[in-house]
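Just below is one structure, and these are the notes that go with it.
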């Protein structure tokens, strides 16, 4: 099947504009080449529909997502300092002198330097003005974003935002608190053995300068007092030393033997990621980046195509034994609706090589003579189709078809997911999420059955995974 | 006092980059000139610090915020259609055939064509694929944004998004639901008379094509079934005819006589807004835009400088009578802490001519011999300082100073606000909000008193105003 779009001389870039291919920079081309190596390593054909533009998309997203290397804080802050009189010394603090100013709940994302995956953060920034200087409020967000758009570690990110604002505004002090969320590293082996894989690594870091230089300072009490009622509670003992090892799950020692072997067996993939780091202007030999290529390859290999097919075949062979009907096929009226809700999944978007994750809800009519399907079997089906390069629409259909092939008919599948590509690329829609539906058999003709199943899905299921 | 920033040859634009003034387009210059007329009409000196760059900021923000006029949906969608097989006809719906795909909770903003103020919206888009075509998920958001970034009315916006996606994807049908929030039009007269001014006008609109063409279609049930648990409840009777009058509070008939006179007395301001509409590429004679200039001027005149000073003086004269201590001044230990929480306010950011709004919390120590200040008095003080061109830091200080001048001392003021400029300009940080503190007298030296007051402020006060 041919690609649906024409016009191969032009390629789409993030903002919906067109870019002539001849304008591509060498760094972009180098990243594209590296992504092709990675796709091959995953057992994929990078010329197949769906993957054709993936190398360019990944290159654009990575370069855009690390644009902070080229931005200067001075350019952002300098034009946005306003003289604002404050209270007289000795009387109190407010306005341009000593009255704390806080911007809370800034949604940002950054790239983890340990594994090259994006991570999400809520940023809270405060400063105490001095010298009758206040800064435009949006600049606090813009400055934070300059440092977020680099390969980062949470504590360094907090320190860099704090230091840059301190030098840019020259206030009495700056306070920064970051709530960071890093996707966990699932892998096929562990999720099949252990259904309770943790979804997220959370870490809270802080950084302070000037009147916030000492974590026992009164200024911190005021800052935390105002953050408290935004759902943030900070341990007063939190200092920049409290996070002294990498938070990234890729650097944990629990890397399985199978994963290690997979990485070792694919040196060309590791070299490709190192080349991406160079193309982003980083030094792959920098201490914190030495292991990054193998961490990223380890993550990617969860979604290896061939491994998945093999396992699925092995799995499918065993199913028929489990499901022998203990009698004749029941009539339609003899069936009961069953449902299994909130089966968590992880997958990798084939358009952007970025994770998407969420929950799957499966509803089905089952003849009375057969026990309903076990949760672990359905979970296995979900994981088998999740752990490959995917799109949500196909994932939904494949799960429905497989469940249907087992039960011979009436199946409905709803997938609710958050897509990393919706926050870490141009549109940055942090609150959005996606739902897809597949309906087979009776569900495709019976609106009442669909409505009954939809009503059984609890509210706000996507937020449960956070 | 001189401006703190140097380099007048360069001006800052939204993304933190610099732009040479000589590159300014004639439309930008025309809007700048119009904004200067508006500032003069407000009794302001557009050369004062804080306002110097306001004309350029407003021009840049308005042109950026209406960039949708120049964008083409075809450019966005065409490169992002992917072939994706679906279920066989007759078996069911999923994948590229008939399986509903929904993207929920997209945060967007648009400009109200009736008053030129930005309004916020949550957009939910769904489509039923056909012809084995699916579209990249982010494109649903990008297409919606093309039409949001124009002067709009909610129903037309929904219809345009729906129609554009239908023609771009050629699916079996498209459904769009928008939850729109429009700032209310407060005015000095009404808020002083009536403390309960409504903060927001909310409206929910929908639009459907193809299988969603009939509001009783089964496809709508599925779509609404999936939206239900995202907090959206849609009346099934909702159709495009149900919102048959403008939702904008500026077009309501309750415009006060004083407001009408103010608008009539400032024809040069009305002409300036009409010129802005022309510079954005709109026709000020288009039916829906004919009244827009006077609506916008009416909004702006709430923040007229001279009117405010006059009223404040009149108000201040009356205070001393209210506050005669009925005995000698009490000693410090004889004072009790009082607080007044969640006093709502509206103000206008002088950097962007955009509303900011939220709540003020006031704490003070009051001699035992004096009754604590009445809520209505404090509310009046808040409104007096809110209804002018402001920055939040100054608003906080002015309220504190005024309360202090009445009580002679120990005052703490916390202002929590949402700034329209944080969502309707480049950074688009929908979830963020800002807090500022002013402390006088005992509060500036006693951390325990500050902590006690901060703890008395309830959680999540900013969301109460929505």
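The values are calculated or read from the model by the stated rules, or taken from the named source; none is laboratory data. Computed from a predicted model, the values in this text were never measured in an experiment. Cβ atoms come from the backbone with ideal geometry, glycine included; neighbour counts cover every protein chain shown.
Would it be correct to say that residue B:144 is more than 14 Å from chain A (Cβ to nearest Cβ) and modelled with pLDDT of 95 or more? Explain how you work it out, then say what you get.
Working: more than 14 Å from chain A (Cβ to nearest Cβ): no; modelled with pLDDT of 95 or more: yes.
No; evaluated as a whole, the condition is false for this residue.
Is it the case that region B:107-122 has a residue that's more than 30 Å from residue B:251 (Cβ to Cβ), at pLDDT 90 or above and assigned to a strand (DSSP E or B)?
First pass over region B:107-122, keeping only residues more than 30 Å from residue B:251 (Cβ to Cβ): none.
The answer is no, given that none of the residues of region B:107-122 is more than 30 Å from residue B:251 (Cβ to Cβ), at pLDDT 90 or above and assigned to a strand (DSSP E or B).
Of the conditions (1) over 24 Å from residue B:379 (Cα atoms); (2) in a helix (DSSP H, G or I); (3) modelled with pLDDT of 90 or more, residue B:283 fails just one. Which one is it?
Just one mismatch for residue B:283, condition (2).
Give the number of residues within region B:71-87 that are surrounded by 20 or more Cβ atoms within 10 Å (Cβ to Cβ) and without any contact (Cβ under 8 Å) to a residue 60 or more places away in the chain.
Here the count works out to 6.
Which of the residues spanning region B:97-128 are under 23 Å from residue B:209 (Cβ atoms) and at the interface with chain A (Cβ under 7 Å from one of its Cβ atoms)?
Within region B:97-128, B:99, B:100, B:101, B:102, B:103, B:104, B:105, B:106 meet the criteria.
Of everything in region B:200-215, what is outside any loop (DSSP other than H, G, I, E, B) and modelled with pLDDT of 90 or more? Give them in sequence order.
Answer for region B:200-215, where residues must be outside any loop (DSSP other than H, G, I, E, B) and modelled with pLDDT of 90 or more: B:203, B:204, B:205, B:206, B:207, B:208, B:210, B:211, B:212.
Residue A:126 versus (1) in contact with a helix residue (DSSP H, G or I) (Cβ under 8 Å, 6 or more places away or on another chain); (2) within 30 Å of residue A:270 (Cα to Cα); (3) buried (at least 24 other Cβ atoms within 10 Å of the Cβ): which is the lone unmet condition?
Going through the list (1) in contact with a helix residue (DSSP H, G or I) (Cβ under 8 Å, 6 or more places away or on another chain); (2) within 30 Å of residue A:270 (Cα to Cα); (3) buried (at least 24 other Cβ atoms within 10 Å of the Cβ), residue A:126 breaks only (2).
Which ones in region B:426-448 are out of contact with any strand residue (DSSP E or B) (no Cβ under 8 Å at 6 or more places or on another chain) and more than 7 Å from every other protein chain (Cβ to nearest Cβ)?
B:426, B:445, B:446, B:448, listed by residue number.
This table checks each residue for (1) surrounded by 15 or more Cβ atoms within 10 Å (Cβ to Cβ); (2) more than 22 Å from the chain's Cα centre (by Cα); (3) at pLDDT below 60.
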| position | (1), (2), (3) |
| --- | --- |
| A:254 | no, no, yes |
| A:267 | no, yes, no |
| A:312 | yes, yes, yes |
| A:332 | no, yes, yes |
| A:337 | yes, yes, no |
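Sort out which residues of region A:62-79 are in contact with a strand residue (DSSP E or B) (Cβ under 9 Å, 6 or more places away or on another chain) and at the interface with chain B (Cβ under 7 Å from one of its Cβ atoms), and write them in order of number.
A:75, A:76, A:78, A:79
If you take the residues of region A:454-466 that are surrounded by fewer than 19 Cβ atoms within 10 Å (Cβ to Cβ) and at the interface with chain B (Cβ under 9 Å from one of its Cβ atoms), which of them is modelled with the highest pLDDT? Give the derivation first.
Quick first cut of region A:454-466, residues surrounded by fewer than 19 Cβ atoms within 10 Å (Cβ to Cβ) only: A:455-456, A:458-460, A:463-466.
After this cut, where a residue has to be at the interface with chain B (Cβ under 9 Å from one of its Cβ atoms) as well, the list is A:455, A:458-460.
Details: A:455: 90, A:458: 83, A:459: 75, A:460: 62.
Looking at the filtered set, the residue picked out is A:455.
Quick one: in region A:409-424, which of the residues that are under 14 Å from the mean Cα position of the chain (by Cα) and more than 7 Å from every other protein chain (Cβ to nearest Cβ) is surrounded by the most Cβ atoms within 10 Å (Cβ to Cβ)?
Looking at residues that are under 14 Å from the mean Cα position of the chain (by Cα) and more than 7 Å from every other protein chain (Cβ to nearest Cβ), I get A:417.
Which condition number does residue B:159 fail, the rest of (1) in contact with a helix residue (DSSP H, G or I) (Cβ under 7 Å, 6 or more places away or on another chain); (2) more than 12 Å from chain A (Cβ to nearest Cβ); (3) on the phi < 0 side of the Ramachandran plot being met?
So the condition that residue B:159 fails would be (1).
Would you check if there is a residue in region B:37-46 being in contact with a strand residue (DSSP E or B) (Cβ under 6 Å, 6 or more places away or on another chain) and either crowded, with 22+ Cβ neighbours inside 10 Å or within 13 Å of chain A (Cβ to nearest Cβ) (or both)?
No, the conditions are met nowhere in region B:37-46.
Residues in region B:162-179 that are more than 11 Å from residue B:144 (Cβ to Cβ), out of contact with any helix residue (DSSP H, G or I) (no Cβ under 7 Å at 6 or more places or on another chain) and part of a helix (DSSP H, G or I): how many?
Going through region B:162-179 one residue at a time, the tally reaches 2.
If you check A:99, A:90, A:68, A:50, which single one turns out to be touching a residue at least 60 places away in the same chain (Cβ under 8 Å) and assigned to a loop (DSSP other than H, G, I, E, B)?
A:50
Report those helices (runs of 4 or more DSSP H) wholly inside region B:360-453 carrying at least 3 residues which are modelled with pLDDT of 85 or more and under 29 Å from residue B:200 (Cα atoms).
Of the helices (runs of 4 or more DSSP H) lying wholly inside region B:360-453, those with at least 3 residues that are modelled with pLDDT of 85 or more and under 29 Å from residue B:200 (Cα atoms) span B:375-386, B:392-407.
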